[in-house]
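**Q** Before I ask anything, here is the structure I am working with.
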Amino acid sequence: MSTLPEFSRAAVLRSFKSPLQIEQVPVPRHIEPRSLLVEMEACSICGTDIHLWQGSLSLKVDLPVIIGHEMVGRIVAMGEQAGMDSVGQALRPGDRIVYTHTSCGSCYFCTTAKQPTLCSHRKAYMYETMEKSPYLLGGFSEYGYVLPESGRLKVPDSLSSDLASLSSCALRSVMNAMSQIGRIEPHETVVVQGAGPLGLLATANAKVRGARKVIVIGSPTARLEMAREFGADECIPVEGTTAADRLDAVLAATEGRGADIVMEFTGVPSAFNEGLQLARKGAKYLIVGQLGEGKVEMQPSMIVKKNINVIGSFSGDARSYSLALQFIERHQHEFPFERMITGRYRLDEVNTAMERMKNYQEIKPVIRFH
Ligand SMILES: [Zn+2]
Ligand SMILES: [Zn+2]
C-alpha cells in the first residue's frame, strides 16, 4: 500500500449538465476482504454516461459521482480472499480485470429468482457518491475500487484493454439480452433496431448464433455500412424513410410475416411502437436500449392480438461478462470490433469526448490512462 498515491485524479460530476471536473479523490487506505484496488487502463464512454451527465436517466444518482462504468483495471492491491475471479481463475497483482455492479447473493432476486442484476441491494459504479469511502466507484479515474460484492473477470492476454472495455458494458448487455431469448433457429429473421455499439454487437451475435437473416434499422449511413461488416444482411436507414417504409421493407424481407425476433437498442421511446409493428405474430421483442425518462403512447392490444412476447433486459451479471469476453476473444479477427473504437482520449480530455459522444460524432470513444 505504501507505493500507492494518496489521491486519484478523477472526472467528477457535481451537477447535471455541467462540465466534469478533474478532482483529486482519496485512494482508500484499507482494502476490505474480497475487494480489489485497480489502476485504470481504459474506460470507454457509453450512452448511459451521457444520459446520467444530462440528468435524464430514470435511475437514482447520488451526486457528486465519478462518471464512467466501462472500466478495465490492472490489480494493484488485493483484500483477503480476493485471489479468484468469478469463474475460478486465479487473480494476482498485475492482472487486468473487468468488474460488475454488485449483487448481494442473499436477497429474493439473487437467490430465488436468480436474477442478480435486479438485486435489492445493488450498488452500481458511477451512481454512488464519491464523498464517502471507498470513493473510487467510477471509471474515469486513475484508480478504481472493486467492491466485495462485485463480480470480476480476468481479461484474456490476447485482448486489448480497449476491446475488454467494450465487452464490459455494451457486449455484456447484449450477451444478457441474447441469453433471455434463448436459441435463434436457422429459419429465424432478427431485426435489430439501432446501429450504435449495442446494435452492432447484437448483429454480430445474432449472425454467429445462426439467424437466417439479420436486418439492421439505424442511422447515419456510415453506421449502416459498418453494420454490414458486423454481419447485417440488410440495412434500412432511418433518415429519409418513414416508419411505414421501414415496415414494408421488413415485410418484404420476411414473406410478409414480420420478424421472428426484434431487438431494440435505440433508446428512442418511439422505437418501441415501431418494433411492435415489425414483429411477426408470436414474435419475441426484446427491449434493451430504453433507460431514459421518455414516454410514448401505445396500444396494448397489439401485444395481445399478435401474441408478442415482450422482454425487458437490464444490464448483465458476471456470467454475461464472461460470455462477452469469450465472444470478443474468439471473434476478434472476424468482425472489425477495433473500428468501433472511434476515439482515444486522455482523462483531462474527458469533456471533449463526452461532447462528441453526445453529438453522435463517436461510436465508442475510450479514455486511456497510459
Ligand atoms: Zn455502458
Ligand atoms: Zn441481492
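**Q** With the chain treated as a Gaussian network of Cα nodes joined by springs under 10 Å, which of 240, 267, 282 yields the largest mean-square fluctuation?
**A** 240
**Q** Taking the Cα centre of the chain as origin and charging only Cβ (+1 Lys, Arg; -1 Asp, Glu), how large is the dipole, in debye to the nearest 20? Don't skip to the end; give the middle numbers.
**A** Working: 40 positive and 40 negative charges, 144 e Å.
That gives a dipole near 700 debye.
**Q** Let me ask something else about it. Roughly how far apart, in whole Å, are the Cα centres of region 229-285 and region 123-159?
**A** Result: 37 Å between the Cα centres.
**Q** Sequence gap at least 6, Cα distance under 8 Å: using those rules, report the relative contact order of the chain to the nearest whole percent.
**A** 18 percent
**Q** What's the longest piece of the chain with no exposed chymotrypsin sites (Phe, Trp or Tyr not before Pro), counting a site as exposed if DSSP puts it in a loop and it has at most 16 other beta carbons within 10 Å? Don't skip to the answer; put the middle values down first.
**A** Numbers: sites that count: 16, 314, 360.
Segment 17-313 is the longest.
**Q** Still on this structure, I have one more. Amide H to amide H, which residues 5 or more places from residue 219 or on other chains are under 5 Å from it, using H placed in the peptide plane?
**A** The answer is 195, 238.
**Q** What residues have an amide H closer than 5 Å to that of residue 41, excluding those fewer than 5 places away on the same chain, when H is modeled at 1.01 Å from N in the peptide plane?
**A** It is 72, 73, 74, by chain and number.
**Q** To the nearest 0.05, how large is the calculated FRET efficiency for residue 270 and residue 361 if R₀ is 22 Å and r is the Cβ-Cβ distance?
**A** So, using R0 = 22 Å, E works out to roughly 0.45.
**Q** Per DSSP H run of at least 4 residues, take -39500 (n - 2.57); add these up for the chain, divide by its residues and hand me the 222 nm value, nearest 500 deg cm²/dmol.
**A** On the way: 10 runs with 93 residues, N = 370.
Taking each H run of at least 4 residues, the total per residue is -7000 deg cm²/dmol.
**Q** So who's got an amide H within less than 5 Å of the one on residue 8, skipping anything under 5 residues away but keeping other chains? H placed 1.01 Å off N, in plane.
**A** For residue 8, the qualifying residues are 25, 27.
**Q** If contacts are Cα pairs under 8 angstrom and at least 6 residues apart, what is the relative contact order of region 218-334 in percent?
**A** 18 percent
**Q** Would you kindly derive the ³J(HN,Hα) couplings of region 73-89 from the backbone phi angles with the Karplus curve 6.51 cos²θ - 1.76 cosθ + 1.60 (θ = phi - 60°), listing them in order in whole Hz, with x for Gly and Pro?
**A** x, 9, 5, 10, 8, 10, x, 5, 6, 10, x, 9, 8, 6, 10, x, 7
**Q** Per residue of region 19-30, in order, report the coupling 6.51 cos²θ - 1.76 cosθ + 1.60 (Karplus, θ = phi - 60°) as ³J(HN,Hα) in whole Hz, putting x for Gly and Pro.
**A** x, 6, 10, 7, 10, 8, 10, x, 8, x, 7, 10
**Q** What percentages make up the Cα-Cα pair-distance distribution of the chain when the bins are 20 Å wide from 0?
**A** P(r) for the chain, in whole percents per bin: 30, 57, 13, 0.
**Q** Taking 0.36 nm per intervening residue step and subtracting the Cα-Cα distance, what contour gain separates residue 281 from residue 87 on full extension?
**A** Result: 65.9 nm gained on full extension.
**Q** What is the log10 of I(q)/I(0) for region 21-75, computed with the Debye formula using one identical point scatterer on each Cα and no solvent, at q = 0.27, 0.28 Å⁻¹?
**A** Taken in order of the listed q values, log10 I(q)/I(0) reads -1.19, -1.21.
**Q** Here's something else I'd like to know. For the pair residue 21/residue 208, report the inter-label distance in nm, with labels modelled 7 Å from Cα in the Cβ direction.
**A** 4.3 nm
**Q** What percent does the relative contact order of region 46-145 come to when contacts are Cα pairs within less than 8 Å and at least six residues apart?
**A** Relative contact order for region 46-145 comes out at 32 percent.
**Q** Projecting each Cα onto the charge dipole of region 173-312 (Lys/Arg +1, Asp/Glu -1 at the beta carbon, about the Cα centre), which of 215, 301, 203 comes out farthest on the positive side?
**A** Of the options given, the answer is 301.
**Q** Another question, then. Please list 3J(HN,Hα) in residue order for region 153-170, calculated via the Karplus relation 6.51 cos²θ - 1.76 cosθ + 1.60 where θ = phi - 60°; whole Hz, with x for glycine and proline.
**A** Working through the residues one at a time gives 10, 5, 7, x, 4, 6, 9, 5, 5, 4, 6, 5, 5, 4, 6, 5, 10, 4 Hz.
**Q** Per 0.36 nm of contour for each residue apart, how much would the distance between residue 106 and residue 121 grow if the chain were fully extended, relative to their Cα-Cα spacing?
**A** Between residue 106 and residue 121, full extension yields 4.5 nm more.
**Q** Stokes-Einstein D for region 173-312 at 4 °C, 1.567 mPa s, Kirkwood Rh over Cα pairs, in µm²/s?
**A** My calculation gives 89 µm²/s for D.
**Q** Just give me a number: lysine pairs in region 173-312, eight or more positions apart or cross-chain, with C-alpha atoms less than 19 Å apart.
**A** 7
**Q** Which percent, to the nearest 5, of DSSP beta bridges fully inside the chain are antiparallel?
**A** Of the beta bridges lying entirely in the chain, close to 55 percent run antiparallel.
All of the numbers you see were taken from the coordinates with simple rules; none came from a lab. Note that this is a predicted model, so its numbers are computed, not measured. For neighbour counting, all protein chains shown are included, and Cβ atoms are generated from backbone atoms with ideal geometry for every residue, glycine included.
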